[in-house]
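K.L.:
Take a look at the following structure, please.
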Amino acid sequence: MDLYENKSSKEKIKRDASVNDRIPDGLFLACPYCGAQMYNKQLGEFRVCANCGYGFRLQARERVSLLTDSFEEMDADIQMTNPEFPGYAEKLARAQSQTELGESVLTGLATIEKQKVALGVMDSYFMMGSLGSMTGEKITRLFEYATSHRLPVVLFTASGGARMQEGIQSLMQMAKVSAAVAQHQEAGLLYLVVLTDPTTGGVTASFAMQGDITLAEPHALVGFAGARVIESTIHEKLPKDFQRVETLLENGFVDQIVPRESLAPMIAKIVKLHTSLEE
C-alpha cells in the first residue's frame, strides 16, 4: 500500500498499487497540477480537474469544437517539404496522423458566440506544439488575412518552443510572426492571446506575449527556459508556482485567468466591446 496526498484537503488516502494492473489504460487519470486522481468522465466536456480547475491538454480540433459556433479552416495543406534532419519525416508523419493536422497550429475563420474572428489554436500533441517554419507561416498568414479583412485575431498558444529539427528556420519564425502582429496592431485591430498549458520557449519570447489582451487558463505553465535550467544557472531554488499563470497575473503579464468553460463568453464579450469602439 502507498499513500496519496490530496494537496487541497491534505487528507491521506490509502491506495493499493496492484489495482493499477487491473484498470484499463485511461480509465483513471491524475491531475498534472494537484495530483488528484479521478475517473476520466469526471473531467466533463471541458476536461477540467474537479479539484483544482486545471484544464487537461486538448487537441486543436477538440478546442475548436468546444469554443466556436462555426469554423472554416485556412491553409490546411501547408506542411514541411523535404525535411533533412534524420528521422524528422517520420516524426512529422506520426504527428500528422495523431492530430489530423498538417502542422502544429490550426488556423481559420470562426464565430464565437456570434462574434467573427480569425482563430489560431496551437496543438501540444503535434510535436509538443513546437514552432516550425510552417507553423510560423500559417500564423503569419492568419494575421495578414485578419489585417486585410479588419478582423480581430484570437490565438491559443501551447508550445514547447522552437523546433530543433529546423534550426535557424524555426527561430526566424519569432521575428516573422512578430512583424505580422505589429502590422495588425498598427491597423488598430484587436489581438487576444489565451495562454494554455504549456506555453514555453520562443513562442513565449515572441507572439504569446504581444497581445493587446492576455488571458490564461488556470494553472497553465508559461515560461521561457525550464525551471531546472534556471535553478542550475542562478544556483537558487525557485518559488513554488514560479512559472504558473497565477504568478504571471500577480506580476502584470496576464490580464485575467479564465476557467475553460468561461472562455467563449469572455472572448465574445471582449471582441464585441472592441468592435463597438471601432465603430
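The values are calculated or read from the model by the stated rules, or taken from the named source; none is laboratory data. What you see is a predicted model; the values in this text were computed from it and never measured. Cβ: placed from backbone, ideal geometry, glycine included. Neighbour counts: every protein chain shown. Only protein heavy atoms, including side chains, enter the accessible area calculation; ligands, DNA and RNA are left aside. Shrake-Rupley method; radii C 1.70, N 1.55, O 1.52, S 1.80 Å.
K.L.:
Tell me, yes or no, whether region 39-49 has at least one residue that is polar (S, T, N, Q), more than 19 Å from the chain's Cα centre (by Cα) and open to solvent by less than 50 Å² (accessible area, probe 1.4 Å).
P.N.:
yes
K.L.:
Just to verify a result, which residue in region 220-247, among those that are open to solvent by less than 50 Å² (accessible area, probe 1.4 Å) and of a type in the set (V, I, T), is nearest to the chain's Cα centre (by Cα)?
P.N.:
Residue satisfying both the conditions and the ranking: V222.
K.L.:
Among the residues in region 185-197, are any of a type in the set (S, T, N, Q) and touching a residue at least 24 places away in the same chain (Cβ under 8 Å)?
P.N.:
yes
K.L.:
When the residues of region 191-219 are filtered to those that are open to solvent by less than 10 Å² (accessible area, probe 1.4 Å) and among the aliphatic types (A, V, I, L, M), which remaining residue is nearest to T147 (Cα to Cα)?
P.N.:
My answer is L192.
K.L.:
Moving on to the next point. Helices (runs of 4 or more DSSP H) wholly in region 224-279 with at least 2 residues that are acidic (D, E) - which ones?
P.N.:
Per the criteria, 245-250.
K.L.:
Given the residues T233, T200, T247, which is the only one that is among the polar types (S, T, N, Q), assigned by the TED database to the domain that holds L67 and either touching a residue at least 12 places away in the same chain (Cβ under 8 Å) or under 15 Å from A158 (Cβ atoms) (or both)?
P.N.:
Within the list T233, T200, T247, the selection yields T200.
K.L.:
Now, a different point. How many residues does region 128-145 contain that are over 10 Å from S170 (Cβ atoms) and polar (S, T, N, Q)?
P.N.:
Here the count works out to 1.
K.L.:
Still on this structure, please answer the following. What are the pairs with Cβ atoms under 8 angstrom where one residue, in region 70-84, is at positive phi and the other, located anywhere, is in a strand (DSSP E or B) and not polar (S, T, N, Q)? Sequence gap at least six, or different chains.
P.N.:
none
K.L.:
Consider region 186-197. How many of its residues are under 14 Å from L155 (Cα atoms) and either touching a Gly at 6+ places or on another chain (Cβ under 6 Å) or outside any loop (DSSP other than H, G, I, E, B) (or both)?
P.N.:
Counting residues in region 186-197 that are under 14 Å from L155 (Cα atoms) and either touching a Gly at 6+ places or on another chain (Cβ under 6 Å) or outside any loop (DSSP other than H, G, I, E, B) (or both) gives 7.
K.L.:
Which residues, taken from region 66-123, are part of a loop (DSSP other than H, G, I, E, B), open to solvent by 50 Å² or more (accessible area, probe 1.4 Å) and among the acidic types (D, E)?
P.N.:
Passing the criteria: D69, D77, E84, E100, E113.
K.L.:
If you don't mind, another one. Could you tell me whether region 153-174 includes any residue that is more than 18 Å from the chain's Cα centre (by Cα), open to solvent by 10 Å² or more (accessible area, probe 1.4 Å) and either hydroxyl-bearing (S, T, Y) or within 18 Å of G211 (Cβ to Cβ) (or both)?
P.N.:
no
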